[in-house]
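Each remark here refers to the structure printed beneath this line.
Derivation of every value follows stated rules applied to the coordinates shown; laboratory data play no part. Every value quoted in this text rests on a predicted model; they were computed, and no experiment measured them. Please note: Cβ atoms are built from the backbone with ideal geometry, for glycine as well, and neighbour counts cover all protein chains shown.
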Amino acid sequence: MTSSSHPALLHLGRYLRLDDNPLLAHAAATHETLLPVFALDPSVSRGPQQEAFLLASLADLQAQLRERGSDLLVLHEAPPDAVIDRYREPQRMIDADALPFDVTAMPRTYTPFRQRVEAAGIRTSQPIAAPTTLPPLPDGVVCPTIEVPALEMIAQGGERAAQTHWLQYRTRRLPDSYKQTRNGLLGWDYSSKLSPWLAWGCISPRRIATDLAEYEATYGANDGTYWLWFELLWRDFFAARGEHRTQQHAAYNNEPSWQMMLTASTGNRFVDAGLRELNATGFLGNRMRQIVASYCMYERNVPWQVGEAYFAMMLIDFDPASNVGNWKYIAGTGADPRGGRRFSAEKQREMYDPDGAYTRTWSAQ
Ligand SMILES: Cc1cc2nc3c(=O)[nH]c(=O)nc-3n(C[C@H](O)[C@H](O)[C@H](O)COP(=O)(O)OP(=O)(O)OC[C@H]3O[C@@H](n4cnc5c(N)ncnc54)[C@H](O)[C@@H]3O)c2cc1C
């Protein structure tokens, strides 16, 4: 490959890692000097947990780039239109051009999407290795060290923390029990907790799926390992639908429904516990997200767009396509063949919090 002597500005977007990073690998192979940048749009409102997770991810990448003679510059401006997609769309497990249908013939719902992928025998696209060398920065560029707010977090941002987390998840054989535990509400191990790192691209879904296939070859495939892949494919499905909205905090923050979520005051103790967990940690398990979203929309008349914008601000794993896709699914305006999901919060509480431990943990003190 020929090298360009023009300095290149590389917008990393949601590819905050060295491993399996096609943007970085290509730029490293084709430029003599390279300036990796991230545009941190000051007009986007982020909850404190989301902001801290993102900054920690950027700081970790900066440290890794510095070890290799490069660096990372944070630009306090909106990303340019030409690269906006890489700020909205983290990588998929299966590349768009590897899907067994054209984007115009994309199945409208998940089951036929999955069946066609499975019939074609596709589990993942192949990850690529991290570049062994990186071009130096253009002359005279100085990148300030990224400061990370001191905040108690449920997960540490960054590629190295992602790899450590994913390794311990496999070493402890947690994929085996994933199908039984994944609807949990309390604790850390009931689901993989990979989503914050996946959302910002600190870890590659192609690497996860490749490691999972290796895990199956070593320990045997089971319904837990299959179900983890099945859920990762949901993420691809929503990415392939490609619905995103710009973060809408400013448009909604004076609405009563926004204030209700912010103050966790829906009037239902179980649902309010969920909102309190979200507000305190920037995270909620999938089951509780469904319960909160359904209750807010169907019992408290919160428009799905307001709920989606609220989650977009608060979640440390905010992923535009997955967030819109899931809110629309429950609202019945998206990919749900049943036309919406109205859950009974009472029945859900009896099933998933029968002894009230979750509600007590996240109740007002
Ligand atoms: C209203 C609502 C909003 C949501 N918003 C987001 C969001 O902004 N970002 C996000 O990553 N997920 C979102 N989800 C999906 C899901 O709740 C989270 O991905 C999951 O809870 C993350 O925890 P985990 O990594 O332990 O998941 P696991 O259960 O361990 O699943 C493994 C991975 O599969 C993917 N996955 C699992 N379930 C889903 C799903 N329903 N849709 C898409 N991908 C899925 C995720 O990448 C996840 O990390 C939302 C769900 C709902 C109901």
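The packing ranking of peptides 307-315, 355-363, highest mean first, is 307-315, 355-363, where packing means the average number of other beta carbon atoms within 10 angstrom of each residue.
Hey, got a sec? Which trypsin sites (Lys or Arg not before Pro) in the range 85-159 land in a DSSP loop and have at most 12 other Cβ atoms within 10 Å? Intermediate results must be reported in sequence, preceding the final value.
Working: sites: R86, R88, R92, R108, R114, R116, R123; in loops: R92, R108, R123.
Those satisfying the criteria are R108.
Ordering T109, H26, A59 by the projection of their Cα atoms onto the charge dipole of the range 14-111, which places +1 on the Cβ of Lys and Arg and -1 on the Cβ of Asp and Glu, puts T109 at the extreme positive end. For the range 1-136, the Kirkwood estimate of the hydrodynamic radius, built from every pair of different alpha carbons, is 17.0 Å. Using equal-weight Cα scatterers in the Debye expression, the normalised intensity of the range 218-365 in log10 at q = 0.16 Å⁻¹ is -0.90. With each label modelled as a point 7 angstrom along the Cα→C-beta vector, the Q115-T132 pair spans 4.7 nm. Work through the residues other than C202 whose Cβ is under 10 Å from its Cβ and net out their charges, Lys, Arg +1 and Asp, Glu -1. Computed value for this residue: 0.
For the chain, the percent of C-alpha pairs falling in each 10 Å distance bin, counted from 0 to the bin holding the largest distance, reads 5, 23, 33, 26, 11, 2, 0.
Between R66 and R338, the FRET efficiency estimated from the beta carbon spacing at R0 = 56 angstrom works out to 0.65.
Take 166-174, 21-29 and order them by the average number of nearby Cβ atoms within 10 Å per residue, most first; the result is 21-29, 166-174. Magnitude of the charge dipole for the range 249-361, about its Cα centre and with charges confined to Cβ atoms of Lys, Arg (+1) and Asp, Glu (-1), is about 220 debye. Between the Cα long axis of helix 304-314 and the first principal axis of the chain there is an angle of about 50°, rounded to the nearest 10. Helix 223-241 sits at what angle to the longest principal axis of the chain, using alpha carbons and giving 0 to 90 degrees rounded to 10? Value to nearest ten degrees: 70.
Label separation (A78 vs R300): 3.0 nm, computed from points 7 Å beyond Cα along the C-beta direction. With neighbour counts taken as other beta-carbon atoms within 10 Å, the residues T133, T181 rank, fewest first, as T133, T181. If the Kirkwood radius is taken over C-alpha pairs of the range 93-201, then at 25 °C and 0.890 mPa s the Stokes-Einstein diffusion coefficient equals 134 µm²/s.
Restricting the calculation to Cα atoms, every distinct pair contributes to the Kirkwood radius of the range 174-275, found to be 16.5 Å. Can you find, among F237, M351, T281, the residue sitting farthest towards the positive end of the charge dipole of the chain, where Lys and Arg contribute +1 and Asp and Glu -1 at Cβ? Of the listed residues, the answer is M351. If you plug the beta carbon distance of M106 and R269 into 1/(1 + (r/R0)^6) with R0 = 35 Å, you get a FRET efficiency near 0.30. Taking 1.306 mPa s as the viscosity and 10 °C as the temperature, the Stokes-Einstein diffusion coefficient of the range 121-165 based on its alpha-carbon Kirkwood radius rounds to 104 µm²/s. When peptides 344-353, 199-208 are sorted by average Cβ neighbour count within 10 Å, with the highest value leading, the order is 199-208, 344-353. In the chain, the calculated helix contribution to ellipticity at 222 nm averages -14000 deg cm²/dmol per residue, counting -39,500 (n - 2.57) for every DSSP H run with n ≥ 4.
What number comes out for the charge environment of K193, summing +1 per Lys or Arg and -1 per Asp or Glu over other residues with Cβ under 15 Å away? For residues surrounding K193, the net value is +1. Neighbour counts of C-beta atoms inside 10 Å place F38, F343 in the sequence F343, F38, starting with the fewest. The eigenvalues of the Cα gyration tensor, multiplied by 5 and square-rooted, give the range 56-136 an equivalent ellipsoid with semi-axes of 34, 18, 11 Å from largest to smallest. Compactness check for the range 8-83: Cα Rg over 2.2 N^0.38 Å is 1.10. Diffusion of the range 284-340 by Stokes-Einstein, at 4 °C in a medium of 1.567 mPa s and with Rh set to the Kirkwood radius over alpha-carbon pairs, works out to 116 µm²/s.
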